[in-house]
Amino acid sequence: MIPKLYDHLMDSTNNNVRTIYLSRHGESNNNLYGKIGGDAGLSQQGWLYAKALFNFFQSRHVSGIWTSQLKRTHQTTKYLACPKIIVETGINEISAGDHDSMTYEEIAQQFPEEFALRDQDKLRYRYPNGESYMDVVARLEPVMKKIMHENNLLIVSHQATLRCVLTLLLGTEMEELPYMRVPLHTVIELRLCGEEVEVTNHRLKVECVDTHRAKPGNCEINRNPSDACITVPVHL
């Protein structure tokens, strides 16, 4: 079920077309090594994406840019000329708490029960001393209300957070939220008009790792490590 927030986001009486751009940060060093969370800087490919983003927006007007508090989002916008760049704490990445900056393999080995519990219910599972996807949805409520009054806004954020933003805007099923594909080095252009949302994905030509992890077939607590990590993306 879609949260009640979605019901009052879209104004069916507002027929002015507004454009919102969403992008993850450029590939980070943590992405390269399969580490979740953290505050790593951009990799070499991530910096190339920052330059490609500058070229992409040469032909598009951006009136404002929002970044999270994390370094990799600030670096991604370094080359963009925009007088209004705001750090919006509400679009920070999901907090992995005690598991921050660990690889999936490390979590599976050191905390196998926690790793299995997250696979069983990724939407509601809360990292120890961290957040769940539903926590992120809740903290996004005031942010989403502000987004609905913006036009030509670029939001540079993170995989989990943008999954939540897209789910709330598109009205897709909540159970699908944690597995929505939001790839690196892609600008997602949203054109909003009344209750309609048109989505266009612009994949910029800068190679990067794939950080998407599908739900494994075996989510039992007593599974073996190879079954637990079978869908972990390839990394260094």
Please indicate, with yes or no, whether at least one residue in the stretch 172-195 is closer than 16 Å to Glu93 by Cα and among the small types (Gly, Ala, Ser). no
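Here is a yes/no grid of residues against (1) open to solvent by 10 Å² or more (accessible area, probe 1.4 Å); (2) within 23 Å of Val87 (Cβ to Cβ); (3) modelled with pLDDT of 95 or more; (4) not polar (S, T, N, Q):
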{"residue": "Leu162", "(1), (2), (3), (4)": "no, yes, yes, yes"}
{"residue": "Glu173", "(1), (2), (3), (4)": "yes, no, yes, yes"}
{"residue": "Met180", "(1), (2), (3), (4)": "yes, no, yes, yes"}
{"residue": "Glu195", "(1), (2), (3), (4)": "yes, no, no, yes"}
Report whether or not Val187 is among the hydrophobic types (A, V, I, L, M, F, W, C), in contact (Cβ under 8 Å) with a residue 12 or more places away in the chain and either open to solvent by 40 Å² or more (accessible area, probe 1.4 Å) or assigned to a loop (DSSP other than H, G, I, E, B) (or both). no
Among the residues of the stretch 206-231, write down those that are of a type in the set (A, V, I, L, M, F, W, C) and surrounded by 12 or more Cβ atoms within 10 Å (Cβ to Cβ). Val206, Cys208, Val209, Cys219, Ile221, Ala228, Cys229, Ile230
Could you tell me whether any residue of the stretch 60-77 is closer than 30 Å to Cys219 by Cβ and over 18 Å from the mean Cα position of the chain (by Cα)? no
Looking across the stretch 111-155 at residues that are out of contact with any helix residue (DSSP H, G or I) (no Cβ under 8 Å at 6 or more places or on another chain) and among the aliphatic types (A, V, I, L, M), the single one that is least open to solvent (accessible area, probe 1.4 Å) is Met148
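Go through the stretch 66-97 residue by residue and tally those that are in a loop (DSSP other than H, G, I, E, B) and either modelled with pLDDT under 95 or among the basic types (Lys, Arg) (or both). Let's see the steps before the verdict.
First, the residues of the stretch 66-97 that are in a loop (DSSP other than H, G, I, E, B): 68-70, 77-84, 88, 92-96.
Imposing the further condition that a residue be either modelled with pLDDT under 95 or among the basic types (Lys, Arg) (or both) reduces the set to 78, 81-84.
Matching residues across the stretch 66-97 total 5.
Within the stretch 1-21, is even one residue among the aromatic types (Phe, Trp, Tyr), surrounded by fewer than 17 Cβ atoms within 10 Å (Cβ to Cβ) and either part of a loop (DSSP other than H, G, I, E, B) or modelled with pLDDT of 95 or more (or both)?
Within the stretch 1-21, the first condition is being among the aromatic types (Phe, Trp, Tyr), and the residues that meet it are 6, 21.
Restricting the remaining residues to those that are surrounded by fewer than 17 Cβ atoms within 10 Å (Cβ to Cβ) gives none.
Scanning the stretch 1-21 turns up no residue that is among the aromatic types (Phe, Trp, Tyr), surrounded by fewer than 17 Cβ atoms within 10 Å (Cβ to Cβ) and either part of a loop (DSSP other than H, G, I, E, B) or modelled with pLDDT of 95 or more (or both).
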Just the residues that are within 23 Å of Glu105 (Cβ to Cβ), part of a loop (DSSP other than H, G, I, E, B) and in contact with a strand residue (DSSP E or B) (Cβ under 7 Å, 6 or more places away or on another chain), please, taken from the stretch 34-65. Gly34, Ala40, Gly41, Ser43
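The values are calculated or read from the model by the stated rules, or taken from the named source; none is laboratory data. Since we're looking at a predicted model, the values are computed, not measured. A quick note on method: Cβ atoms are made from the backbone with ideal geometry, for glycine too, and the neighbour counts reach across all protein chains shown. Ligands, DNA and RNA are excluded from the accessible area calculation, which covers all protein heavy atoms including side chains. Shrake-Rupley method; radii C 1.70, N 1.55, O 1.52, S 1.80 Å.
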